[in-house]
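The values are calculated or read from the model by the stated rules, or taken from the named source; none is laboratory data. Source: prediction; values computed, not measured. Cβ: placed from backbone, ideal geometry, glycine included. Neighbour counts: every protein chain shown. For accessibility, only protein heavy atoms count, side chains too; no ligands or nucleic acids. Shrake-Rupley method; radii C 1.70, N 1.55, O 1.52, S 1.80 Å.
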Amino acid sequence: MFRSLKPGFATISTLIVAACVLGQAQEPRDVTGTWTAELHNGKVFLQVRTSAPTTWNSWSGDWNMGQTFPIEEFSGLPPNDEHFTASTLKFELHREAGNLAFEGAFRDGRGAGLFSFTPRAEYVAEMKALGYNDDLPVWRRFQLAIHDVGPRYIKALAAEGYAKLSLDEVQRARTHGVTIEYIREMKALGYRTTAIDGLVRAHDHGVSPDYIKSLKSAGYSSLTLDELVRVHDHGVSTAYIQELERLGFKNVPIEDLVRTHDHGVNAEFVQQLRGQGISEPTLEGYIRLHDHGIRAAFVSDMKAAGYDKLAREDLVRLHDHGVKPEYIRDLKAQGYKNLSIDDVVRLRDHGVSVDYITDMKDLGIKDLTLDQLVRLRDHGITPGFVNHVRARGFKDTTADELVRLKNGGLWKH
């Protein structure tokens, strides 16, 4: 990704190798590694990589972390320059757990280099004063620093009613984007969960205050947090709700909206069917049509084939039985015109294909009725059998004679 960043990068590559070697030291006094970053819209998309400590016996690879930070949190980076270029640069990220110092180069808003983390001595004592007696070796403090977990966030959580959380719970909430602002906005909307995990899950599933407000404005103001998660997961947006409302489907229960969306029914589908004269009074009706494969193109093609007054159930029946418009057109080309729906379905169900009709005609067996076609097909009268019969001396055989000979075992002799 950063191979085009030529200025200063030969030196950086050498330092990266050295950093990886140093990262193998047991119980290091600091943490070192490599970083890459991209500047965009006033944010820093940062990824750091370092070797895990040798005390992690169950971990044999490197440790990677990627996160987006407001650019204001860094000292030494320009605030509004997405095309920032510098051959050598130093900048820092100050956290309660310690300081992350970065050095490297940028070209056109993309950078790479080395970093080191130096723990802050007072941090452990501050955490213990809050009741966190967890073992905090330098590597743990490095992770907490990256995710900005410290006394400020912990005290703010407690002030919002989330006290006595474990350090893992605090870190999980922080890394999953549960900010104090998010908590307050959710509370203002009536969502006061007793467990922080509820907010973590909601945020992970994209339930934002704006999403909740948009649903409230659409008339869905009493959804539980679990319902909000489900609705968002199933893709029900206010735009989707409004589109259905414009089609006449108002005040639809939220579960029906979820089901309708899950089954692929949207405004475009409804409008296209209505354009073909197929209108359902309920969403359930459109769900059934969609589930059975009825699309506007199918209706249009059926009309072109001569079936322009089909009821909804006829369309479903034809599609379920595999009757395609081209099958009807080909039957007409063979002389079978003005067939009823029942006749077409019967022919299709009994395997009477247009190729079969053509083959029989080529053998001189013409003008077969629908019943004769079905009977011949059901009894396994194939072109090969007809040729076998004729080779045995039976020439101008009728359809009934062919069936009699087949049933009599001629094919086996």
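In table form, for the structure just shown:
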item: Cα-centre dipole for the chain with unit charges at Cβ (Lys and Arg positive, Asp and Glu negative), debye to 20; result: 820 debye
item: Stokes-Einstein diffusion coefficient of the range 190-317, Kirkwood radius over Cα pairs, 25 °C, 0.890 mPa s, in µm²/s; result: 150 µm²/s
item: Counted charge near ASP256, where neighbours are those whose Cβ lies closer than 14 Å (Asp, Glu -1; Lys, Arg +1); result: -2
item: Computed over the chain: relative contact order in percent, which uses C-alpha pairs under 8 Å that are six or more apart; result: 8 percent
item: Ranked order, ASP62, ASP349 - accessible area, probe 1.4 Å, largest first; result: ASP349, ASP62
item: Gap separating the Cα centres of the range 345-402 and the range 86-105, nearest whole Å; result: 85 Å
item: The chain - mean residue ellipticity at 222 nm from DSSP helices (-39,500 (n - 2.57) per run, n ≥ 4, rounded to 500); result: -13500 deg cm²/dmol
item: For peptides 234-242, 390-398, sequence by mean Cβ density within 10 Å, most packed first; result: 234-242, 390-398
item: Formal net charge of residues neighbouring ALA156 (Cβ-Cβ distance under 12 Å; K, R +1; D, E -1); result: +1
item: Most to least packed among 141-151, 331-341 [average Cβ atoms within 10 Å]; result: 141-151, 331-341
item: Highest-first arrangement of 29-38, 318-327, where packing means the average Cβ count within 10 Å; result: 29-38, 318-327
item: Efficiency of FRET between LYS332 and ARG295 - r from beta-carbon atoms, R0 25 angstrom, step 0.05; result: 0.65
item: GLU169, GLU122, reordered so the largest accessible area comes first (probe 1.4 Å); result: GLU122, GLU169
item: Rounded if a/c under 1.5, otherwise prolate or oblate - the chain, Cα gyration tensor axes; result: prolate
item: 20 Å reach of a label modelled at ASP396, 7 Å along Cα-to-Cβ, counting backbone N of the range 335-377; result: 360-369
